[in-house]
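Chemist: Just passing along the structure, written as structure tokens.
No value in this document is a laboratory result; all are computed from the given coordinates. Just so it is clear, the structure is predicted and the values come from calculations on it, not from any experiment. Virtual Cβ from ideal backbone geometry, glycine too; neighbours counted across all protein chains shown.
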Amino acid sequence: MSTAVEEKEKALHEHLEKREYWWWAEKARSSRIDYLRKAVWPKAAKGSSYLPGTKICWHGYKIYREVFDTPDAKMDPYILTFAKAQAKVLDTIPIFIIDQSRIVGYTGSAPHKLYMTPQSSFNVAWDMYNDRMDLVDREEDRPWIKEAIEFMKPYTYEARADRILSRRQRIMCSTSQTFTGSSHRESQTYSTTQWGYFHSGFNNILAQVNENIAEAEKVLYEVGARPDFPAEYDALNKLDNWRSFKIVIEAMLRWAKRYSRLAKIIAENFETDPQRKQELMEISRICAKVPGEAPESYHEFLMYDNMAQRAKRYEWGEGAWPAKPDTWGWPCYKKDVIDEKTLSQDDALDLTCEYLIRAFEYGNPRNRQYRELMTGDPGPYVWALGGILPDGSDGANELSDTILKAARLVRVASPTYALRYHPKIRTETLRQAFECIRHGLGYPNIRHDDVLVQSNMYWSGTPLEEARTWTAQACIVPCPGTKHGVMPARYSASSTLGSKCVELALWNGFNPVFKMQIGPKTGDPTKMTFDELFDACIEQFKVIHWEGCKIRNISRWVEEEIGRPMLSSGWEECIETGKNAFQRREYGNNWLTTFIWTDGWDAMAALKKLVYDEKKYTMEQVLEMLKVNWEGYEVERMDFVRAPKWGNDDDYVDEIVVKAYNRTRDEVLLPCKDWGRSSRGIPTAPQNIAAYTVAGVLLGALPNGRRLGDTCYDGGCSPGAGLDKKGPTAVLRSVGKIDHVTSHRANLLNQRLSPTQLVGDKGFELWHNYIKTWHDLRINHVQFNMVDNETLYAAQKEPEKYSELMVRVAGYSAHFTGLNKKTQDTIIARNVQTL
Amino acid sequence: MKCEHCGFEGTKGTFRYLYNTTLDAVTAYRECPKCFGWVVCNELEEEKKEKAVAK
């Protein structure tokens, strides 16, 4: 070994010994990946602000303003005009190739820009236009941008939904009293990809579309054809959809060819390095081929997926990126790396690293609240790995391992990963997953594959084989990637504030934070038994959940009218039936995310103990203390804090929490109806992202001891930070009392582990034993932070030295120093569990 | 209590309550009404002191 190599090995070893994984990554990755990683523009927000230098790409506004003002647009159905506008954007948007990059395609006119979709939300556009961080690149562009935003307002999903929503519904959407936002105010969606079909080559798909158009035109226009109203009516209903699909597919293929030409121009006219020249010519070759043709090599697969995913994001901002890359890319990877060995493992790793960096590079403009909810992450882009495949075999493979190795080298917040765990999972993949956690990345989260497959079958009526194709549609909710299973948007565009039901029950439907009567008058709590108070909580939750669902059902009608030609083009059923992505009816995978769920039930346990059982306080006294936010009642507050708490395997409180799950399922969730073809009710998915800090100022004082302003519990079924006093097994035993198949759609458990305890092979074995216990208890999710407080405090003190330090927030990972102090503090406050 | 940033003195209640990282901690962050700086407050101790003064 040469001295330089020896020194590098020594330095790498030292970083690992000192658990300085971020410095290890910097030295261990190739110089190309190091350059690309450092050259990337992160699109995550810190608090509610984008990072300095980030700008909005308004190119879409310029084009849509023109296209929606043409005579054709006044006559054409919305979807056709929408397709024409998208096509013109793809034909005219400036494109670029980043130096040293081998995977091209970006959503936006420059790498520091977020592309704003003009048909989604005018309020988000206004927010971007007026942002104090000056997101408009050139001052002289302001007049036309302003005029274009005003012009496009009536064509936006938001304005069209607002037109049909009631005043109360609009107020509730705007104020976040019991749920945050709603789909029409978010300017983003979470659409799933149909396995196989999406990667089958868009030339084939286009040929099918052309055939269908020809058939429909024959029905309508063939001279001498017998009149047939049902057939003609059917053709008329489909024809414009197919025409819109054709427009966007052709535009996407032209857009890819623009990259092909650009790469060739640079190679032939500007590039002086022969190796880079060759790389550019290879980029040119691949972009001339994909996504028109199906990929045949691993490099082609990565380029195909990146191009097609990016094109989809020109249509609508995507807040998530549901993917199963170790299955989608496996045939190409296996052929190149394992069978034919035309691609070295190192080069495959480098390409994978760049693929992750390209995904991390994407971001979409978000409303202010959403930026806070996802502080530190442009996603979450949760990619599922492993799991049981439709044929019953293990889905983990060498590509799963390569992706996890790449994740440790690039250390990006998104993509983040969901490892679909089952007892027969490949050991090497599990070990790679543990290494990621040990490196402090906070991912992958570990998902109970069988529970989630069963849950999908229970709530959505998805057949077993199709349920096994699941990817994470958002942070935690699985969605099948099949012809009848894929979803155009997450249902959960409004996320309810679960514990608000307890607060409203305590104040007879009055919201003490907003000073408004928003809930039903369920009665004076001072005159109630504990059971009656419980009933009142359920009644309050009914209104919270049902209102969110109804608004979503209504806004779905608007989505049908607008359609999504690009998304529809990747879905077999749309191509076959001529329905757009929103007109077809998937099995149904609907849910409302429920933020801050457990705080309220801990509060109920404290009331049961101190008011109803021990009678130490009266309800009047409790209400008085809550009214003043416990000010002057610190001794009494601590009494309530010391009452039994969730996460300690204490049946006193656990029974209350489980009862809350079961009653809400039976009385609130199951009676709902959505558009799914075989769905059952509309479930909740308790989890938090960063809502546990954001909602700290939306949820008032409660009898669990919280004050207005305090952060809430950090996961869907996590105990309160620091309140799980009896160790990791007690936490699992509490959480295992919930039925994870039928009582909710998915749930989230955060745990912190000791990095010093889990060193070496022994550490892996300890962790694996813990995972086996977790699996036996049939808990659907668990994720880990494995960074010690010493490091976290040091990073707070000297953030410049820890810029690459990552942590798991809740449902996503983020760079620690990119979080605001409050969120940082909440992560430090979580108990470190010793296994 | 006293603001460590600007020296402002007042009762605990005059400092706006911000947050507490864990419910069982007696210390919390409050905001100085004068300079808006964050001040760490031992809720229990401050309350005891204020109650003693009131007597």
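Chemist: Suppose we keep just the alpha-carbon trace of the range A:283-385; what are its Rg and Dmax in angstrom?
Modeler: Here Rg and the maximum Cα pair distance are 15.3, 50 Å.
Chemist: Regarding the range A:446-529, what are the three Cα extents along the principal axes, ordered largest first, in Å?
Modeler: 52, 28, 24
Chemist: Follow-up question, since we're still on this one. Which semi-axes, in whole Å and largest first, does the equivalent ellipsoid of the range A:1-70 have when worked out from the alpha carbon gyration tensor as the square roots of 5 times its eigenvalues?
Modeler: 45, 16, 7
Chemist: Fewest first, what order do A:Leu220, A:Leu533 take by the number of other Cβ atoms within 10 Å?
Modeler: Placing the least packed residue first, the sequence is A:Leu220, A:Leu533.
Chemist: Turning to a different aspect of this structure: Based on the alpha-carbon set only, what is the convex hull volume of the range A:106-151 divided per residue, in Å³? Intermediate results must be reported in sequence, preceding the final value.
Modeler: Numbers: hull volume 3.7 nm³, N = 46.
So the per-residue Cα hull volume is 80 Å³.
Chemist: Hey, which aspartates and glutamates would be in cross-link range of A:Lys43, C-alpha to C-alpha under 14 Å, not counting anything within fewer than 8 residues on its own chain?
Modeler: A:Glu318, A:Glu361, A:Glu372, A:Asp377
Chemist: List, in order, the whole-Hz ³J(HN,Hα) value for each residue of the range A:604-617 obtained from phi through the Karplus relation with A = 6.51, B = -1.76, C = 1.60 and θ = phi - 60°; use x for Gly and Pro.
Modeler: For the range A:604-617, the Karplus curve yields 5, 5, 5, 5, 4, 5, 8, 9, 8, 8, 8, 6, 6, 10 Hz.
Chemist: In the range A:494-514, which residues have a backbone nitrogen under 20 Å from the label point lying 7 Å from A:Ile171's Cα in the Cα-to-Cβ direction?
Modeler: A:495-497, A:500-501, A:503-514
Chemist: Please go through the residue pairs A:Lys312/A:Lys550; A:Lys289/A:Lys334; A:Lys113/A:Lys324; A:Lys550/A:Lys725; A:Lys527/B:Lys48; A:Lys27/A:Lys334 and name each one whose alpha carbons sit more than 30 Å apart in this structure.
Modeler: The pairs that break the limit, which is 30 Å between Cα atoms, are A:Lys550/A:Lys725; A:Lys527/B:Lys48.
Chemist: Could I have the simple spin-label model distance between A:Lys550 and A:Asp776, label points 7 Å from Cα toward Cβ, reported in nm to one decimal?
Modeler: Modelled inter-label distance: 4.8 nm.
Chemist: Which GluC sites (Glu not before Pro) in the range A:597-637 sit in a loop by DSSP (not H, G, I, E or B) and have at most 12 other Cβ atoms within 10 Å of their own Cβ?
Modeler: In loop regions of the range A:597-637 (DSSP not H, G, I, E or B), the sparsely surrounded GluC sites (Glu not before Pro) are A:Glu614.
Chemist: What is the distance in Å between the Cα centroid of the range A:732-783 and that of the range A:145-175?
Modeler: 43
Chemist: Mind checking the full-extension length gain between A:Lys616 and A:Asn662? Use 0.36 nm per residue of separation minus the Cα-Cα distance, one decimal, nm.
Modeler: Gain in length upon complete extension: 13.6 nm.
Chemist: Among A:Val622, A:Thr693, A:Ser555, flag the residue with its Cα farthest along the positive direction of the charge dipole of the range A:488-720, charges on Cβ as +1 for Lys/Arg and -1 for Asp/Glu.
Modeler: Final value for the positive-end residue is A:Ser555.
Chemist: Let me ask something else. For the range A:650-749, just list the percent of Cα-Cα distances falling in each 10 Å bin from zero outward, please.
Modeler: 14, 39, 36, 10, 1
Chemist: Okay, next question. Amide H of A:Thr471 versus every other amide H placed in the peptide plane: which residues, excluding those fewer than 5 positions away on the same chain, fall under 5 Å?
Modeler: For A:Thr471, whose amide H was placed from the backbone, the distant partners under 5 Å are A:Cys479, A:Gly481.
Chemist: Ok, one more. Could you sort out which of A:Lys10/A:Lys801; A:Lys84/A:Lys277; A:Lys608/A:Lys737; A:Lys627/B:Lys55; A:Lys46/A:Lys405; A:Lys46/A:Lys608 sit more than 30 Å apart by Cα distance in this structure?
Modeler: Over 30 Å apart, Cα to Cα: A:Lys84/A:Lys277; A:Lys46/A:Lys608.
Chemist: List, in order, the whole-Hz ³J(HN,Hα) value for each residue of the range A:650-655 obtained from phi through the Karplus relation with A = 6.51, B = -1.76, C = 1.60 and θ = phi - 60°; use x for Gly and Pro.
Modeler: Computed from phi, the couplings for the range A:650-655 are 10, 4, 4, 8, 4, 5 Hz.
Chemist: Run down the aspartates and glutamates and flag those whose C-alpha is under 13 Å from the C-alpha of A:Lys264, throwing out any fewer than 8 positions away in its chain.
Modeler: Within the straight-line cut-off, A:Lys264 pairs with A:Glu279, A:Glu282.
Chemist: Give me Rg/Rg_expected for the range A:68-193, where Rg uses Cα atoms only and Rg_expected = 2.2 N^0.38 Å with N residues.
Modeler: 1.22
Chemist: Then there's this: Going by how many other Cβ atoms sit within 10 Å of their own, how do A:Ser2, A:Ser754, A:Ser284 line up, fewest first?
Modeler: The fewest-first ordering by Cβ neighbours comes to A:Ser2, A:Ser754, A:Ser284.
Chemist: Moving on to the next point. Test of understanding: given chain A, find the longest segment containing no chymotrypsin sites (Phe, Trp or Tyr not before Pro) that are in a DSSP loop and have at most 16 other Cβ atoms within 10 Å. List each step's numbers first, then the result.
Modeler: Values: sites that count: A:Phe96, A:Phe270, A:Phe514.
With chymotrypsin sites (Phe, Trp or Tyr not before Pro) excluded where exposed in loops, chain A gives A:515-835 as its longest stretch.
Chemist: OK, next. For a quick check: with amide H placed at 1.01 Å from N, whose amide H comes under 5 Å from A:Gln833's, ignoring anything fewer than 5 positions away on the same chain?
Modeler: Long-range HN contacts for A:Gln833: A:Arg752, A:Leu753, A:Ser754.
Chemist: Using the Karplus curve 6.51 cos²θ - 1.76 cosθ + 1.60 with θ = phi - 60°, work out ³J(HN,Hα) for each residue of the range A:794-803 in order, rounded to whole Hz, and write x for Gly and Pro.
Modeler: 4, 5, 5, 6, 10, x, 5, 7, 10, 5
Chemist: Just flag the trypsin sites (Lys or Arg not before Pro) in the range A:303-372 sitting in loop per DSSP whose Cβ has no more than 16 other Cβ atoms within 10 Å.
Modeler: Filter output for the range A:303-372: A:Lys341.
Chemist: Sorted from fewest to most neighbouring beta carbons within 10 Å, what does the list A:Ser200, A:Ser494, A:Ser182 look like?
Modeler: Placing the least packed residue first, the sequence is A:Ser200, A:Ser182, A:Ser494.
Chemist: So for the protein assembly as shown, what are the equivalent ellipsoid semi-axes in whole Å, largest first, each being the square root of 5 times an eigenvalue of the Cα gyration tensor?
Modeler: So the equivalent ellipsoid measures 44, 33, 27 Å along its semi-axes.
Chemist: Give the residue list of trypsin sites (Lys or Arg not before Pro) in the range A:1-80 that are DSSP loop and have at most 12 other beta-carbon atoms within 10 angstrom.
Modeler: Hits after loop and neighbour filter: A:Lys18.
Chemist: Across peptide A:714-723, what mean number of C-beta atoms from other chains lies inside 10 Å of a residue's C-beta?
Modeler: Mean partner-chain Cβ count within 10 Å for A:714-723: 2.
Chemist: A further question follows. Using amide H atoms built 1.01 Å from N in the peptide plane, name the residues 5+ places from A:Ser191, or on other chains, whose amide H lies under 5 Å from its own.
Modeler: A:Ala320
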